[in-house]
1. Counting only other residues whose beta carbon sits under 14 Å from that of A:T182, what net charge do I get with K and R as +1, D and E as -1?
2. How much net charge surrounds A:G290 when only other residues with a Cβ under 12 Å from its Cβ are counted (Lys, Arg +1; Asp, Glu -1)?
3. With every protein chain left in place, what is the accessible area of B:D120 in Å² (1.4 Å probe, nearest 10)?
4. Taking the Cβ of B:P162 as the center, what net charge do the other residues with Cβ under 11 Å away carry, scoring Lys and Arg +1 and Asp and Glu -1?
5. Go through A:Y115, A:Y310 and list them by solvent-accessible area, largest first, probe radius 1.4 Å.
6. Taking segment A:248-301, how much of its Cα-Cα pair set, in percent, is spaced more than 15 angstrom apart?
7. Rank these by accessible area, largest first, 1.4 Å probe: A:D131, B:D54, A:D110.
8. Are any of the pairs A:K303/B:K42; A:K111/A:K268; A:K111/A:K158; A:K231/A:K313; A:K130/A:K184 more than 24 Å apart by Cα-Cα distance, and if so, which?
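The values are calculated or read from the model by the stated rules, or taken from the named source; none is laboratory data. Model, not experiment: these values are computed from the prediction. Positions of Cβ are generated from backbone atoms using ideal geometry, with glycine treated the same way; all protein chains shown enter the neighbour counts. These area figures cover heavy atoms from the full protein model, side chains too; ligands, DNA and RNA do not enter into them. Shrake-Rupley method; radii C 1.70, N 1.55, O 1.52, S 1.80 Å.
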Amino acid sequence: MKLKLMILAVSLVSFAGGAAGGFDFGKLLEDRVKEELNKDKPTQPAPVPPTDQAPAEAQGAASPPPAKQKIDARQLGLTLLTGYSPEEETRIGRQIAGDLLGAVPLVRDDKLQNYVNLVGSWVALQSGRKDITWHFGVLDTEDINAFAAPGGYVFLTKGLYRRLNNEAELAGVLAHEIAHVTQKHHLKVLKESSLIGALGQAASKKAKDSDPVVQNLIGNGAEIMARKLDKNAEFEADRVGIVLAARSGYEPWGLPAVLQDMAGLPAKDSRTSLLYTTHPHPADRLAALGEAVNGRLDSVRGKDVASRFYRIK
Amino acid sequence: MKTFLIPAAALALCAASVSAWAAPGTVLRAEKLYSQPASTSKVTASVAKGASVDILAKQGGWLQVRAGRSTGWIRLLSVRAGAGGVAGVGARDVVGAATTRSDPGRVVAVAGLRGLNEEDLKQAKFNAEELARMEALSVTAAQARSFAGQSGLTVAKVPDLPKPQAAQPASTWESN
């Protein structure tokens, strides 16, 4: 199974890497998808979300062929070839978040959850993404990890939270996840993989109140949280995250301190096994971040806000 | 310091006993040690990539370390906590063998707790109740700003970090 995931990861990387070579292949897939779309058109009423792209589409009506293509792709909720609107992104994120919460519930501590939402929302305000609503949650597991789903659904585990020492460290962890959302890392993976999935079977896993269109598209959404992103996506999230935390007024060394702590954990600790299958080793992340930061943050004076850091009982 | 004369095994024992009050660390890239936690202070020594240090204190983005006979301040991001060399060797030896990388479904329960794994995520069924709970926890931008203001957090101008030019540090993590 792991092998399969890795093959998928490798093919995704090469897909993304060979832009020129990938184009023809992409065209081929596009044609196949269009065939599929036209076949299913009468039976699938389409959600056409209102987006800020609407004027562009209206404008495109003057030149019918490209506009037609775009609408075709949207009619199945498959915006695989055009990019996702914020509404679609949120819809996908909700599905993934709901699936993940099916594996692990939230910690039953409203003060904790509120505190994390306040810190996370403050950091997210500096990210420049205002077209989505941000949601933060602490998952009730001793596993040490954090997750981000598209559309602004951000999670960290109780096991990770317990290791934090101050608000700047929390802000650093959340900022890394917020960066995954703003850089659309998971969305890019989904876009590539679900394009392939769309050609195959679209068997619906029935679940109460879940979104069948999106579920068809992405399969079990929680699974993508176990999928490894390109390591450069993780390094990028560290770079963007450390800056986001600093822009929010925190000292920038929160995220590095957490990475330091994780680098010092015993390797056999089962609480980090999933983290290590999905992320580069913390020591590699520290080294990459160190190269990027060097002396650039020397003059940043932020706060660690240790005094009001919420401790889990 | 006759420490340097005693055999490796004894040295390891010695390091272990020292770690009771100073945490071991490994230097991730060739670096300078400074007399103060500031790059404007005097350079007291240089350390090579892979060198072992004892971490004595932390201040902001700096760690006070002892490397051999020298003590000084080094950038936080240039040191990893823990012995065992830079990521490559140490990580492969320790983690490569010990984590469940080759078989993520297999659980190595050293901590006595079963960690979250891929299988848990694959089997997960959409939980509408928990999602509703999470969405109800959302706060407004105004609430977040007020919260930040209470502890004197203010927006700072910090430029984006450049994308590194050179290849990323090689990680055996990725390739095995």
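1. Here the charged neighbours net out to 0.
2. +3
3. Rounded to the nearest 10, the figure is 40 Å².
4. Working: positive: A:R239, A:R296, B:K163; negative: A:E291, B:D160.
Its environment carries a net charge of +1.
5. Details: A:Y115 15, A:Y310 35 Å².
Greatest to least solvent exposure: A:Y310, A:Y115.
6. That tail contains 54 percent of the Cα-Cα pairs.
7. A:D110, A:D131, B:D54
8. On the way: A:K303/B:K42 26 Å; A:K111/A:K268 33 Å; A:K111/A:K158 14 Å; A:K231/A:K313 35 Å; A:K130/A:K184 14 Å.
Result: A:K303/B:K42; A:K111/A:K268; A:K231/A:K313 exceed 24 Å.
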